[in-house]
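See below for the structure under consideration.
The values are calculated or read from the model by the stated rules, or taken from the named source; none is laboratory data. These figures come from a predicted structure and were not determined experimentally. Glycine also receives a Cβ, built like all others from the backbone with ideal geometry; neighbour counts cover every protein chain displayed. The protein model used for the area step is the full one, side chains on, heavy atoms only, and it has no ligands, DNA or RNA in it. Shrake-Rupley method; radii C 1.70, N 1.55, O 1.52, S 1.80 Å.
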Amino acid sequence: MATLRDIRRRIRHVESTQKITRAMKLVAAAKLHRAQERIVSARPYAVKMAELLSSLVRRAEGEAHPLLVRRPAARKRLVIITADKGLCGAFNSNILRASLAFLREQGETSVTLVVVGKKARDFYRRRQYEIKSEMLGFFDRLAYSHAQELAGGLMQEYLSGEVDEVHLIYNEFRSVAVQRVKREQLLPIESAEAGEGQGRPEGAAGDYIYEPSPEAILAALLPRHVTTQVYRALMESVAGEYGARMTAMEAATKNAKEMISVLSIQYNKARQERITKELLDIVGGAEALRQSVEA
């Protein structure tokens, strides 16, 4: 049975942990507020660009841009976006589980990886998958330039024929407590009919007059669209990470409070038993002394 000293030590340790989890919750809440504002502001732009792109792709003749060219998918590239840190519930494990399921579905198809975040890097470094490149340690200072770097490399590899398809797996931020794993085909860019499952509209309302031509506009718009979708995925992941960490730390703080309550009850019971035992020893000793005096 644990002694009073052991119980006191456990209570102090749990109280120290509770202070840490409470502080982490407050930090995550502050960062979540900024990240949520960014993604809410960026979503309308990304959705409108996807709508305009869908209209352009439908009206363009044939494969009017190299990013629209479809090839037999013999070589695929999978971009996996996780966090750099843990302590955020199932945020990372859900992504890793979904990416493993995707890799197993490919059979004999060659799939190489681009890992974003230390958790994905550490996970796949211990497994027999080829990591082509990695991006780490930038989420706290996420900028559009990071999306340009990542998307630019992916587009260059696709245009050079090094890969035939590029897929993206990330956590989409739905609310503080809900993050949904999402997989999108980034390249080749799908038309409106093929892209319904990725949040793109079935059809764009109205018609447009294009100057100079749909093909020329596609040449300028498609690379920006790919970069925008990558940037949006990074921002979604950042907001989802902070939301998951805030929820996890709030649960940990509540659990620590409950544990302290249980340990305090155990401490009081053990203390009461000890005091009772000491009183009984004193009474027993006094009785023995009285009997010896009378004898």
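Just checking, does the stretch 270-286 include any residue being closer than 30 Å to V27 by Cα, modelled with pLDDT of 80 or more and either aromatic (F, W, Y) or surrounded by 11 or more Cβ atoms within 10 Å (Cβ to Cβ) (or both)? I'd like the intermediate steps shown before the answer.
Of the residues in the stretch 270-286, the ones closer than 30 Å to V27 by Cα are none.
No, the stretch 270-286 contains no residue that is closer than 30 Å to V27 by Cα, modelled with pLDDT of 80 or more and either aromatic (F, W, Y) or surrounded by 11 or more Cβ atoms within 10 Å (Cβ to Cβ) (or both).
Looking at the stretch 91-102, which of the residues that are touching a strand residue (DSSP E or B) at 6+ places or on another chain (Cβ under 9 Å) and not polar (S, T, N, Q) is most open to solvent (accessible area, probe 1.4 Å)? Ranking the candidates gives R97 first.
Considering only strands (runs of 3 or more DSSP E) fully contained in the stretch 103-183, which possess at least 2 residues that are buried (at least 18 other Cβ atoms within 10 Å of the Cβ)? Explain how you work it out, then say what you get.
Numbers: elements: 110-116, 131-135, 165-173.
It comes to 110-116, 165-173.
Among the residues of the stretch 60-88, the ones that are outside any loop (DSSP other than H, G, I, E, B), open to solvent by 10 Å² or more (accessible area, probe 1.4 Å) and modelled with pLDDT of 90 or more come to 2 in all.
Of everything listed in (1) more than 20 Å from the chain's Cα centre (by Cα); (2) at pLDDT 95 or above, the single unmet condition for V114 is (1). Annotation: of all residues in the stretch 234-275 being of a type in the set (S, T, N, Q) and more than 28 Å from the chain's Cα centre (by Cα), the one that is nearest to V115 (Cα to Cα) is S261.
Please specify each residue of the stretch 226-262 satisfying the condition of being among the aliphatic types (A, V, I, L, M) and either surrounded by fewer than 21 Cβ atoms within 10 Å (Cβ to Cβ) or in contact with a Pro (Cβ under 7 Å, 6 or more places away or on another chain) (or both). Residues satisfying the conditions are A248, A251, A252, A256, M259, I260, V262. The single residue among A42, A50, A29 that is open to solvent by less than 30 Å² (accessible area, probe 1.4 Å), assigned to a helix (DSSP H, G or I) and in contact with a Phe, Trp or Tyr (Cβ under 9 Å, 6 or more places away or on another chain) turns out to be A42.
Of the candidates V226, V176, the single residue that is β-branched (V, I, T), modelled with pLDDT of 70 or more and under 30 Å from K25 (Cα atoms) is V176.
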